[in-house]
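Undergrad: Below is a structure I'd like to ask you about.
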Amino acid sequence: MCGIIGYVGEKECTPILIEGLRKLEYRGYDSAGVAVLETDSQGTRTQVIRCRGKLSNLENLLRKDQPSGLVGIGHTRWATHGRPSDENAHPHKAGQVSVIHNGIIENHLSLRNQLRADGRVFSSETDTEIIAHLIDEELKKSGGDNLREAVRRALKQVRGAYAICVLAESAPDQIIAAKNASPLVLGLGDGENFIASDVPAILAHTRKMLFLEEGEIADVRKTGIEVCDLEGKRIERAPKEITWSAVSAEKEGYKHFMFKEIHEQARAVTDTLRGRLSVESADAFLDDVDLAVADTKKITIVACGTSWHAGLVGKFLIEQLSRIPVEVDLASEYRYREPIIGKGDLLLSISQSGETADTLAAVKEARQKGARTICIANVVDSSIPRASHASLYTHAGPEIGVASTKAFTTQLAALTLVAIHLGRRTGHLSEAKASELIKELLLIPSKMSDIVGLAPQIQVIARRYGQARDFLFLGRGNNYPIALEGALKLKEISYIHAEGYPSGEMKHGPIALIDVHMPVVVLAPKGPGYDKVMSNLAEVKAREGKIIAVATRGDKDIGTVADEAILIPDAPSFLQPLLTVLPLQLLAYYVADFKGTDIDQPRNLAKSVTVE
Ligand code: AGP
């Protein structure tokens with residue numbers, strides 16, 4: 001989720017790059033940098049200036065030494081491979097080639113080894129530097145005069161997601177841009193052209209934009225742009241006129257960041273799974289994270305809020321697939337009850353921000369008692385990863401809306417990876433079952449996109465029931481934490497009182513609340529426990545409660561009891577939470593939107609809670 005900008009034209013490019021990066025800082029802010037081609041009578045040199053921290057740090061450096069040139073690229077980073085540092089900041093230079101990149105290269109380890117064997121020396125931990133070396137190598141092979149061709153050949157060796165901009169000293173008038181599974185847009189100007197990861201970065205200069213498609217390469221010069229595919233075949237496509245305002249462009253046209261982030265979930269989950277699953281070997285790989293499976297007797301999960309709900313789903317997954325016992329604790333409670341944990345135990349913390357004070361304190365406590373501490377986090381090198389023995393990162397990208405959405409589903413994806421990994425190693429998950437589950441997991445992102453397509457129906461339901469004073473959310477098994485999450489989402493952004501309950505517990509108390517004014521949202525996908533949930537629904541119906549059911553497409557019975565049925569694609573029960581939560585996020589969003597609350601920054605809440 002890094003920000004990218006490129007300029008080629010007749011103006012000094014550094015101020016244009018910085019202005020664009022300022023508009024992109026919301027995408028990532030752990031380091032920033034620019035590379036500018038400086039050409040004079042002696043030839044062309046690349047000036048690379050980059051540093052860790054916010055864009056203001058880079059601006060301070062540029063005040064002392066501003067590169068001067070008409071062709072340049074700029075980057076603001078959201079770390080995925082390699083912690084935030086000066087060395088890992090983009091652009092990365094290898095030989096005469098400089099590269100900025102947004103995305104994840106899946107085969108980075110094998111490419112790095114191969115390049116090392118060829119004598120290449122690396123100065124960063126990033127996957128991006130590999131691309132720079134590959135292109136420099138190809139450029140050398142071809143005599144150094146065809147950058148576009150060198151980029152094309154290099155990209156043929158790369159597997160994964162990328163949006164890149166490339167400069168070379170032997171090609172002082174051009175930038176080569178390429179895209180696969182990460183966004184990239186070209187802005188067409190008069191005697192100048194722009195490249196950006198997002199429209200807002202270049203909207204002040206042009207509204208004529210050409211969005212690159214998967215596997216396309218653009219040769220960008222001040223006089224024009226040529227696009228071809230990875231086979232070198234020319235592509236002709238007319239640019240579009242963008243009519244968005246600057247503010248809505250930042251949200252890519254969505255009304256709120258939360259709504260944008262709900263839509264980003266298919267991409268975020270894909271990125272989190274990318275390069276970590278193999279159907280052939282029926283296994284899940286956790287980067288370099290060593291769970292010390294053979295020594296692990298018990299796992300304790302600690303987290304807060306939405307991340308705690310992910311932990312509850314994680315317990316279900318890990319216990320079922322690996323048979324290792326799992327406890328789930330609220331981090332805010334954990335430390336104060338003298339937790340029984342020590343050597344041979346694994347503490348798995350979950351945190352989007354990596355900064356939640358309660359979770360951090362729990363990690364420190366467990367580590368001090370001798371437990372192995374692993375975290376699932378979204379923000380690379382934040383406090384919790386730094387306090388842990390190892391970290392498995394979700395690749396959700398920056399989450400701006402206070403109400404967590406894509407961070408949650410990527411946490412579920414990461415926990416599924418952990419459960420498969422453990423299950424294969426404890427021997428409880430057979431090869432056949434693992435490979436079946438992995439195949440289904442890989443189908444989840446497209447099913448998520450399908451569910452987001454139900455937004456108009458959910459908007460109507462939200463309007464119909466959004467005046468209620470209270471909501472009840474019910475779910476069983478691994479859908480019980482989703483009921484909790486649905487209730488939390490509604491509370492956070494619409495300020496309506498809501499409670500999540502295991503459906504079987506309803507008759508032990510909450511049933512007293514049910515009357516004609518009480519909407520009851522029930523998670524009733526097909527699978528184990530479905531019949532029991534249907535009986536619970538009958539109990540609600542008998543008390544005139546209004547039932548909003550999330551059920552499986554094709555379910556003929558649900559319509560006989562539910563007032564509203566949101567029908568979603570089928571999935572194995574292990575994976576259902578990745579889908580069932582989406583309608584609840586949308587329901588909360590639309591209720592809040594009708595109420596006109598401040599959805600992205602709801603009252604009394606903060607994105608990361610750094611006080612205990
Ligand atoms: C979720 O919508 C909330 N914003 C909140 O519950 C959040 O999940 C919690 O504060 C934990 O944050 P973390 O994942 O950054 O640690």
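The values are calculated or read from the model by the stated rules, or taken from the named source; none is laboratory data. Since this is a predicted model, take the numbers as computed values, not measurements. Cβ atoms come from the backbone with ideal geometry, glycine included; neighbour counts cover every protein chain shown.
Undergrad: How many of the residues making up the stretch 302-354 are within 16 Å of the ligand (Cβ to nearest atom) and either of a type in the set (Asp, Glu) or in the same structural domain as residue 483 (by TED's automatic domain parsing) (or both)?
TA: So the count comes out to 2.
Undergrad: When residue 358 is evaluated against the numbered criteria (1) within 9 Å of the ligand (Cβ to nearest atom); (2) in a helix (DSSP H, G or I); (3) free of Cβ contacts under 8 Å to residues at least 60 places away in the same chain, which criterion, by number, is the only one it fails?
TA: Among (1) within 9 Å of the ligand (Cβ to nearest atom); (2) in a helix (DSSP H, G or I); (3) free of Cβ contacts under 8 Å to residues at least 60 places away in the same chain, residue 358 violates only (3).
Undergrad: Okay, moving on. If the requirement is being in contact (Cβ under 8 Å) with a residue 40 or more places away in the chain, part of a helix (DSSP H, G or I) and more than 10 Å from the ligand (Cβ to nearest atom), which of these qualifies: 380, 418?
TA: Matching residue, one of 380, 418: 418.
Undergrad: Out of all the residues in the stretch 131-145, is one or more assigned to a loop (DSSP other than H, G, I, E, B), acidic (Asp, Glu) and either buried (at least 24 other Cβ atoms within 10 Å of the Cβ) or in contact with a strand residue (DSSP E or B) (Cβ under 7 Å, 6 or more places away or on another chain) (or both)?
TA: No, because not a single residue in the stretch 131-145 is assigned to a loop (DSSP other than H, G, I, E, B), acidic (Asp, Glu) and either buried (at least 24 other Cβ atoms within 10 Å of the Cβ) or in contact with a strand residue (DSSP E or B) (Cβ under 7 Å, 6 or more places away or on another chain) (or both).
Undergrad: Same structure, new question: Could you tell me which residue of the stretch 447-491 is farthest from the ligand (Cβ to nearest atom), considering only residues that are surrounded by fewer than 24 Cβ atoms within 10 Å (Cβ to Cβ) and among the acidic types (Asp, Glu)?
TA: 450
Undergrad: Now a separate question. Please work out which residue is surrounded by the most Cβ atoms within 10 Å (Cβ to Cβ), limiting yourself to the stretch 362-377 and to residues that are more than 12 Å from the ligand (Cβ to nearest atom) and in a helix (DSSP H, G or I).
TA: 366
Undergrad: Can you say whether residue 598 is more than 13 Å from residue 458 (Cβ to Cβ), within 16 Å of the ligand (Cβ to nearest atom) and either in contact with a helix residue (DSSP H, G or I) (Cβ under 9 Å, 6 or more places away or on another chain) or assigned by TED's automatic domain parsing to the domain that holds residue 304 (or both), as far as the supplied structure shows?
TA: Judged against the criteria, residue 598 is a match.
Undergrad: Can you say whether residue 190 is surrounded by fewer than 22 Cβ atoms within 10 Å (Cβ to Cβ), touching a strand residue (DSSP E or B) at 6+ places or on another chain (Cβ under 7 Å) and charged (D, E, K, R), as far as the supplied structure shows?
TA: No; evaluated as a whole, the condition is false for this residue.
Undergrad: Which condition number in (1) among the acidic types (Asp, Glu); (2) loosely packed, with under 15 Cβ neighbours inside 10 Å; (3) within 19 Å of the chain's Cα centre (by Cα) is the one that residue 252 fails?
TA: Only one criterion is unmet by residue 252, namely (2).
For every residue, the table says whether it meets (1) within 16 Å of the ligand (Cβ to nearest atom); (2) within 30 Å of residue 437 (Cβ to Cβ); (3) in the same structural domain as residue 468 (by TED's automatic domain parsing); (4) in a strand (DSSP E or B).
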site: 526; (1), (2), (3), (4): no, yes, yes, no
site: 539; (1), (2), (3), (4): no, no, yes, no
site: 548; (1), (2), (3), (4): no, yes, yes, yes
site: 566; (1), (2), (3), (4): no, yes, yes, yes
site: 578; (1), (2), (3), (4): no, yes, yes, no
site: 584; (1), (2), (3), (4): yes, yes, yes, no
site: 606; (1), (2), (3), (4): yes, no, no, no
